[in-house]
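Nothing in this text is a laboratory measurement; each read-out follows from the coordinates by a stated rule. It should be emphasised that the depicted structure is a prediction, and the values quoted were computed from it without experimental measurement. Cβ placement follows ideal geometry from the backbone for every residue including glycine, while neighbour counts extend to all protein chains displayed.
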Amino acid sequence: MPLVLYNTLTRTKDVFEPLVPGHVGMYVCGPTVYDRAHIGNARPVIVFDVLYRLLKSLYPSVRYVRNITDVDDKINQRAKDSGEPISAITERTTRMFHEDIGALNCLPPDVEPRATAHITQMIAMIERLIAKGHAYAAEGHVLFAVGSMGNYGKLSGRSSDEMIAGARVEVAPYKKDAGDFVLWKPSSPDLPGWESPWGRGRPGWHIECSAMSLEHLGETFDIHGGGQDLVFPHHENEIAQSTCANGAPFARVWLHNGWLMVEGEKMSKSLGNFFTVRDLLDKAPGEAIRLAMLTTHYHQPFDWTNDGLKQAKATLDRLYTALRGVADIDANGYDEAPIEVLAALEDDLNTPLAISHLHELVGALNKATHLEDKARAKGRLLASGHLLGLLHQDPEAWFKGGAAGGPADDEIDALIVARAEARKAKNFAESDRIRNALLDQGVVLEDGPSGTSWKRA
RNA sequence: GGCCGGGUGGCAGAGUGGCUAUGCAGCGGACUGCAAAUCCGCGUACGUCGGUUCAAUUCCGGCCUCGGCCUCCA
């Protein structure tokens, strides 16, 4: 099965072929580090992590670049409000981002470039744009001239006329065209700035991704991803900058994940439905958050609900229950994901369909009676989970790690021994008393053929 | 206003021109001291009105409806 991806540029599902056989380059827009990642920030990170895992399983060499935007007016504003130095804010927020994303079992990218480390490359690119007549300096600013580019607006499917007609903000007087956007702008002494041919200033938003993708992936590369809201203006402008500066095609395939809603409404601070990843990690395992996100196709809007999170947790309980039962069975030699799981992911990253196959695989595992069948089913389930970034934990850790508090592990084990004696003596009143007492403390006992196991609810 | 994407069984959520996923919830059964877990069985749903077709939830058109974007929000 060939890998097929929905390309925003062509508006169709296209068969994916790397530019250089066997090598894939992918750039995904990363966070602006001024605050904790919220749940909406997590979606593209998780989605493209699954794509990264899939690509790694299909091609010998994958280079995944995800930037850190550490120069931005929101960061400046935050520093002004709090009095904290900018570098302290960006470093701390970057660290927290890594922690949160790590808890969602996302692999680190191969390269994580920071915007402030690529100012030289940005300035060089802006100079090339001016030299080629695609940009002009005005009042300390440098602007990209959209009129100089023939097919500006192709990605987002809009014409220059439409954009000018739709402009609802006051057009800065130094702009030749209402659609022109900033490549470089002047900085006052209290703001971050770098010396440039146009005076001390700082980059516009879009130029960093053009400069960093060029530096780490070259002029033309395979995949560029991000949230759907970035299609316009961010990605449109990246295309304009890069193709005009480099004189070469830019990203070949554009992927965009859909917006995130919360309980059917747009997430916003004013509605009180705004969550950070950290907030959720305090009440649910990262793996459940990850699974919940993957139950909807990446291209669709995703509705984050408490119920969905509970279901994801229940699904993982079911999967880990099966794995716990075969913990001592060696699945070596069965480390390939079944064809149907691979086929689902290769069809434009159909994670909901892949997850449905996970359910079928766990059913097969539960029904298997022969050792060989169990080993095969276990291996296939684990390999499938690995592609999705799931089922990486030890089942015991999944069940016993749970919420803090409650009785200690050895306390529980002692009570299980006492209960076993009561059951042996047919003293079921006592055995049920012990089980209910533990249940009240959030510990669930399950009697099986090989003894009693427990988990934290 | 312009552009774009949706409307699937109680819920979540894939998919397909005829064979109608998957999970949760529900019902019945097996197993169990009782539970839990697990297994077996049970649900013909695709916004609306037309069209094309031997056959449409799936293709085409109108309508209703929900959501997103339209200069820096992932």
Q: Starting with the fewest neighbours, write out A:TRP194, A:TRP184 ranked by other beta-carbon atoms found within 10 Å of each beta-carbon.
A: A:TRP194, A:TRP184
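Please report, in cubic angstrom per residue, the volume enclosed by the convex hull of the alpha-carbon atoms of the stretch A:283-399. It would help to have the intermediate numbers written out before the result.
Details: hull volume 10.5 nm³, N = 117.
Per-residue hull volume (Cα only) is 89 Å³.
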Q) Tilt of helix A:409-424 relative to the longest C-alpha principal axis of chain A, in degrees (0 to 90, nearest 10)? A) 30 degrees
Q) Where the eigenvalues come from the Cα gyration tensor of the stretch A:4-261, what are the semi-axes √(5λ) of the equivalent ellipsoid, largest first, in whole Å? A) 28, 24, 17
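For the stretch A:405-456, what percent of Cα pairs sit more than 16 Å apart?
32 percent
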Q. Quick one: if the Förster radius is 25 Å, what FRET efficiency do A:SER57 and A:ASP282 give, using the C-beta to C-beta distance and rounding to 0.05?
A. 0.15
Q. Taking neighbour Cβ counts within 10 Å as the exposure measure, how do A:GLU336, A:GLU215 sort from fewest upward?
A. A:GLU336, A:GLU215
Q. Under a point-charge model restricted to the Cβ atoms of Lys and Arg (+1) and Asp and Glu (-1), what is the dipole moment magnitude of the stretch A:283-399 relative to its Cα centre, in debye to the nearest 20?
A. 400 debye
Q: Among A:VAL142, A:VAL182, rank each residue by its count of other Cβ atoms within 10 Å, from fewest to most, as a rough exposure measure.
A: A:VAL182, A:VAL142
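Pairs A:LYS74/A:LYS266; A:LYS56/A:LYS455; A:LYS310/A:LYS378; A:LYS13/A:LYS283; A:LYS266/A:LYS455: which are spaced more than 29 Å apart, C-alpha to C-alpha?
A:LYS56/A:LYS455; A:LYS13/A:LYS283; A:LYS266/A:LYS455
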Q.
Cut-off 19 Å, label point 7 angstrom out along Cα-to-Cβ of A:ARG92: give me the residues of the stretch A:272-287 whose amide nitrogen falls inside.
A. A:276-279
Q) Using every alpha carbon pair in the stretch A:168-261, what percent of pairs falls into each 10 Å bin from 0 up to the bin containing the largest distance? A) 14, 38, 34, 14, 0
**Q.** Virtual spin-label span in nm between A:HIS23 and A:GLU219, 7 Å along Cα→Cβ
**A.** 1.5 nm
**Q.** Unit charges at the beta carbon, dipole of chain A: most positive-side option, A:ILE207, A:THR295, A:PRO395
**A.** A:THR295
Q: For the stretch A:90-130, count the residues as N, evaluate 2.2 N^0.38 Å, and divide the Cα radius of gyration by that value, please.
A: 1.64
**Q.** Virtual paramagnetic centre 7 Å along Cα→Cβ of A:PHE275, amide N under 16 Å, in the stretch A:5-38
**A.** A:37-38
Q. Measuring from a point 7 Å past the Cα of A:GLU421 along Cα-to-C-beta, which residues in the stretch A:435-457 have an amide N at less than 17 Å?
A. A:435, A:452
Q) What nm value, rounded to one decimal, do you get for the distance between A:ARG158 and A:ASP394 when each label is placed 7 Å out toward the C-beta? A) 5.4 nm
Q) Can you pull the semi-axes for chain A, root of five times each eigenvalue of the Cα gyration tensor, sorted largest first, whole Å? A) 50, 26, 18
Q: Report the normalised scattering of the stretch A:322-457 as log10 I(q)/I(0) at q = 0.18 Å⁻¹, calculated by the Debye formula with identical scatterers on the alpha carbons.
A: -0.99
Q: Report the calculated FRET efficiency for A:ASP440 and A:ALA124 (r = Cβ-Cβ distance, R0 = 56 Å), to the nearest 0.05.
A: 0.25
Q) Under unit Cβ charges (Lys, Arg +1; Asp, Glu -1), what dipole magnitude, rounded to 20 debye, does chain A have relative to its Cα centre? A) 300 debye
**Q.** Nonlocal amide H pairs with A:TRP184, under 5 Å, H built at 1.01 Å
**A.** A:VAL142, A:GLY204
(Q) For the pair A:ASN366/A:ASP177, report the inter-label distance in nm, with labels modelled 7 Å from Cα in the Cβ direction. (A) 6.1 nm
